[in-house]
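Working notes, beginning with the structure itself.
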Amino acid sequence: VKPNSTRELCAATPLCEYCGLADCHDGYSPRRPAPANCNAGDDFHCSLAECCYPVRWDFKEWDTNPVCPKQCGHFQTHEVRSVHCIEEETNVQVGDVHCSGLKPNTSRAKCPATPPCGSCRSFDCDQGSLSKSPAPTCKEANCTTEDCCSPVEWTFDKWSVSNASCPDACGRAAQIEQRDVLCREKSSKDRVSPMHCPAEKPATNRTVCPATAACATCDAFKCKKGWVAKGASLVPAACNSSESCTPQECCHRANWVLFSWGPRPQCDTQCGLPEKRETRPVRCEDEITSKTVSDSRCGPEKPPTSRILCNATAPCETVM
């Protein structure tokens, strides 16, 4: 027998394994590209390290201290983030199916909704203010006067300097100063209804000079002797004093008007002549109008209207 030309030095080993999808469980993803074969150990099985990458969820942490609005009328806000499954060694994104556990949330409520803002439509403004138009939305849930109302005020001119020289004469009417007092909106200066302004309206007029006492009239004035009452057309409507009128205001002077005596004649001396007398007119007249008035109005004593020119002579003797 021919001796063997070959001999078995080492027995054949099992075929090398290769990496399959089934070899990577949750928390791992297959290597890409997969190795042709594994460097198997004693048990001739591929290890996770040879076939798989460990993976994890990659995401940005939530903002732990968000700044949320405190004003009314804000909607709820949400925070959004990306969540990916990545290989730890390469940071390559892989399918979410490879990461273990539930996928972290990609969004959450960041800031809660705030209560709705109040409306000025049903807000009642106090006296001294006016509802804004159009009615605004308030800054808070509960409206305030500042939100809904515009202040109003009385506007007026200042009084003139009160150093007027008031007359002392009688019968003067009061001197009244007037001014406009208007209700206006403070900001726009627009004129509004007085019902919106404060209840106490400033005075629209004032007395600068008071009325003086009524002047006396000549109606009841009695002219003294030596004076005669003026005619109705000459009497003033009122005198210059409130206490009484003067004779000059209500009366004219009444004077005696008389004619001069004629020259005295030469008187006869024969007996039996009668007394000779001279007469003249004497009348009481209104000094201004020259009208004849009652003698009772003139001075204390009426001048004589006649005088003796020649006395009567003794009667003549008769011859017996």
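The values are calculated or read from the model by the stated rules, or taken from the named source; none is laboratory data. Bear in mind the structure is a predicted one, so any value in this text is a computation, not a measurement. A quick note on method: Cβ atoms are made from the backbone with ideal geometry, for glycine too, and the neighbour counts reach across all protein chains shown. Please note that ligands, DNA and RNA were not included when accessible areas were found on the heavy atoms of the full protein model with its side chains. Shrake-Rupley method; radii C 1.70, N 1.55, O 1.52, S 1.80 Å.
Quick notes on this structure:
- Among the residues of segment 156-179, not a single one is touching a residue at least 24 places away in the same chain (Cβ under 8 Å), surrounded by fewer than 15 Cβ atoms within 10 Å (Cβ to Cβ) and in contact with a helix residue (DSSP H, G or I) (Cβ under 9 Å, 6 or more places away or on another chain).
- Output for segment 135-155, where each listed residue is in contact (Cβ under 8 Å) with a residue 40 or more places away in the chain and part of a strand (DSSP E or B): 137, 152, 153, 154
Table: residues versus (1) of a type in the set (Ser, Thr, Tyr); (2) under 16 Å from residue 63 (Cα atoms); (3) over 60 Å from the mean Cα position of the chain (by Cα); (4) surrounded by 13 or more Cβ atoms within 10 Å (Cβ to Cβ).
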residue	(1), (2), (3), (4)
79	no, yes, no, yes
82	yes, yes, no, no
85	no, no, yes, yes
91	no, no, yes, no
94	no, no, yes, yes
99	no, no, yes, yes
105	no, yes, no, no
110	no, yes, no, yes
117	no, no, no, yes
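- Where residue 289 falls short, out of the listed (1) exposed (fewer than 15 other Cβ atoms within 10 Å of the Cβ); (2) at pLDDT below 90; (3) not basic (Lys, Arg): (2)
- Taking first residues from segment 242-263 that are closer than 17 Å to residue 297 by Cα and of a type in the set (Val, Ile, Thr) and partners that are open to solvent by less than 60 Å² (accessible area, probe 1.4 Å) and outside any loop (DSSP other than H, G, I, E, B), the Cβ contacts under 8 Å between residues at least 6 apart in sequence or on separate chains come to 257/282; 257/284; 257/285.
- One residue stands out among those in segment 270-285 that are closer than 14 Å to residue 257 by Cβ and not in a strand (DSSP E or B): the one that is most open to solvent (accessible area, probe 1.4 Å), which is 281.
- Looking only at segment 286-320, residues that are within 30 Å of residue 231 (Cβ to Cβ) and either in a helix (DSSP H, G or I) or touching a Phe, Trp or Tyr at 6+ places or on another chain (Cβ under 8 Å) (or both) come to 7 in all.
- Filter result (small (Gly, Ala, Ser), assigned to a loop (DSSP other than H, G, I, E, B) and either within 23 Å of residue 256 (Cα to Cα) or open to solvent by 90 Å² or more (accessible area, probe 1.4 Å) (or both)) within segment 216-237: 226, 231, 232, 233, 237
- Filtered by the rule that a residue be polar (S, T, N, Q) and open to solvent by 90 Å² or more (accessible area, probe 1.4 Å), segment 293-320 gives 311, 318.
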